[in-house]
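Just below is one structure, and these are the notes that go with it.
Throughout, read-outs are computed from the coordinates displayed, never taken from laboratory work. Remember, it's a predicted structure, so these values are computed and weren't measured experimentally. Ideal geometry is used to build each Cβ from the backbone, glycine not excepted, and the neighbour counts take in all protein chains shown.
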Amino acid sequence: ASTWVLPSGQLRISHASPEDAGNYFCIAQNSAGSAMGKTRLVVQVPPVIETSLPDLSAIEGSHALLPCTARGSPEPDIAWEKDGQPVSGAQGKFTIQPSGELLVTNSEGQDAGTYTCTAENAVGRARRRVHLTILALPVFTTLPGDHSLHLGDRLWLRCAARGSPTPRIGWTINNRPVTGLGLLGAGGTETHDPGRSRREGRERDTPFIKHLLEGVSEQDGGSTLQRAVVTREDSGTYVCWAENRVGRVQVVSFVHVKEAPVLQGEAFSYLVEPVGGSVRLDCVAHGDPAPDIRWLKDGLPLRGSRLRLQLHNGSLTIPRTEARRGLAPGVGPPRTTLGFF
């Protein structure tokens, strides 16, 4: 600012600034003496809010500090609004710091929004907006659960999660990732067949229609894993995971595909053995879970004795055969019937 003294004795200051504020003394003197007067100059400046980031984020449960550094003369008063409504510190949620910053404690989803800082003094007002986003770790809203199926059943697993930002959802099957929208092959492996839908002929389209029910699809904030016809290789550990910039969570689902007992070889057989000989009748069966095996003779349960012994593998041993009453030795083959439970 430039200053000069007018003929009338007044002091003129052009374009006054805060630096010009202070105490000014006017001294008048002549040969008879002197006199002095004092004037205090206050320079008022409208508020100015320092520039800051317009968008801020905080993790759910943490504290958020919204900046509002203002200067002016006289010193401006600071007030805050959220979405157009004055904030209240009655419940300890919001606190306006001496520096003008707004402290949001234990932030939660409902604290997200647009906050407005207002700085005001006797000569003006300034406003600045800050948008606050609350980030939240994904939380599952739908769990796939454990499933026990039979061969040929349909497998349907649904997994959904919410979070901020919206989480990305994926799957692993027996520690192997399932990516994209590929078709699931045996054992959870992934295959792609983009040309199948273009094949001509209804008979060629039929297998593809079945495959449309398989794979991974995403909708309504969740992910669905399907398989139209399960096999034993589909048993295992299925993991659904949800991830965003805050972190990653996962849930484990166990799928068990059962298989009914199946006999190896013929279900009925005829043997001719001499009296007193040793006989071993094999019964090889597999299934999941492992089947229990028991023997019937002529439709009646056959209990173990010193003459008959069932081995751990299901086979039946007769250490010494005997002729059935009414039959000559070696005449008429005995019939053996197998039963499985």
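Give me the extension gain from LEU65 to THR114: residue separation times 0.36 nm, minus the current Cα-Cα distance, reported in nm with one decimal.
Full extension from LEU65 to THR114 adds 16.3 nm.
Any idea what the alpha-carbon Rg over 2.2 N^0.38 Å comes to for segment 46-137?
Cα Rg divided by the expected 2.2 N^0.38 Å: 1.07.
Taking every pair of alpha-carbon atoms in segment 2-43, give the share separated by more than 11 Å as a whole percent.
That tail contains 71 percent of the Cα-Cα pairs.
How many nm is it between the label spots at GLU218 and HIS15, if each spot is 7 Å from the Cα in line with the beta carbon?
Here the answer is 5.9 nm between the modelled labels.
For labels at ARG245 and SER2 in the simple 7 Å Cα→Cβ model, what's the distance in nm?
Result for the modelled spin labels: 5.3 nm.
Could you derive backbone 3J(HN,Hα) for segment 149-157 from the dihedral phi with the Karplus parameters 6.51, -1.76 and 1.60 (θ = phi - 60°), listing whole Hz in sequence and x where the residue is Gly or Pro?
Result, ordered by residue: 10, 9, 3, x, 5, 9, 9, 9, 10 Hz.
If r is the Cβ-Cβ distance from LYS258 to LEU103 and R0 is 41 Å, what FRET efficiency results, to the nearest 0.05?
0.10
Measuring from label point to label point, each 7 Å out along Cα→Cβ, what is the ARG129 to ASN174 span in nm?
Output for this residue pair reads 5.5 nm.
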